[in-house]
Amino acid sequence: KHYGDSTVRSAREHKIFHYNAVTLIPTYYLFLRLGWVGTWLPLVIPTFFSWGTNVFLMRQFFLSIPRELDDAAMIDGANPFQVYWKIIMPQSIPALTAVALFHFFYAWNDFFGPLIYLAGNPEKFPITVGLTAFNNLYSQSTNLIQAASIVAVIIPLIVFIFAQRFFMQGIVITGVEK
């Protein structure tokens, strides 16, 4: 039994089974009252809070780290923060990279959020919404649409190529029982 199992499980299940469409109107109203509609804030601030799948991924990774490492560091005189910072965090880089990539690709591909929260500010639209507008303007010129789509894919492809080793290591490690 690990500390916080029931709390983590409850938060994870709540977020996994809680669809964004259910809370769209109250969330929009909240952001409207805060004065965030028309800005990037409703798209950026909520991403600092994790999805249930990422909490589950990190939890599984932390459970795979041998408890003996913590005990050995404590015997050597490390306090809990030092154990976390010098033992746990360096081992967590692959899993943290996987979570960061999930968030990056979600934010890059998000269409609905910017369409709702940035409505009326086309100069702030991200590439996904801009690509749809471009498609509407040049629907007969498929070569232009394909070129714009290639441009939209270049940055995520470059990010994935550079982070691929950590990403794959993070996914593989979290699924293996030691």
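The values are calculated or read from the model by the stated rules, or taken from the named source; none is laboratory data. Just so it is clear, the structure is predicted and the values come from calculations on it, not from any experiment. Counting neighbours? That spans all protein chains shown, and the Cβs are built from the backbone with ideal geometry, glycine included. Protein only, heavy atoms only, side chains kept; ligands, DNA and RNA dropped before computing areas. Shrake-Rupley method; radii C 1.70, N 1.55, O 1.52, S 1.80 Å.
Structure notes:
- Any chance A152 is aliphatic (A, V, I, L, M) and not in a helix (DSSP H, G or I): no
- Among the numbered conditions (1) surrounded by 14 or more Cβ atoms within 10 Å (Cβ to Cβ); (2) β-branched (V, I, T); (3) over 16 Å from L57 (Cβ atoms), the only one that I88 does not meet is (3).
- Of the helices (runs of 4 or more DSSP H) lying entirely inside region 24-71, the ones with 2 or more residues being farther than 16 Å from A107 by Cβ, touching a Lys or Arg at 6+ places or on another chain (Cβ under 8 Å) and not β-branched (V, I, T) are found at 52-64.
- Pairs meeting the criteria (first residue in region 33-56 and over 30 Å from P94 (Cβ atoms), second residue of a type in the set (V, I, T) and surrounded by 12 or more Cβ atoms within 10 Å (Cβ to Cβ), beta carbons under 8 Å, at least 6 apart or on different chains) are W36/I45; P42/T27.
- Among residues of region 92-151 being of a type in the set (D, E, K, R) and more than 22 Å from T23 (Cα to Cα), the one that is most open to solvent (accessible area, probe 1.4 Å) is E123.
- Just one of (1) of a type in the set (D, E, K, R); (2) at pLDDT 90 or above; (3) within 26 Å of I154 (Cβ to Cβ) fails for D110. It is (2).
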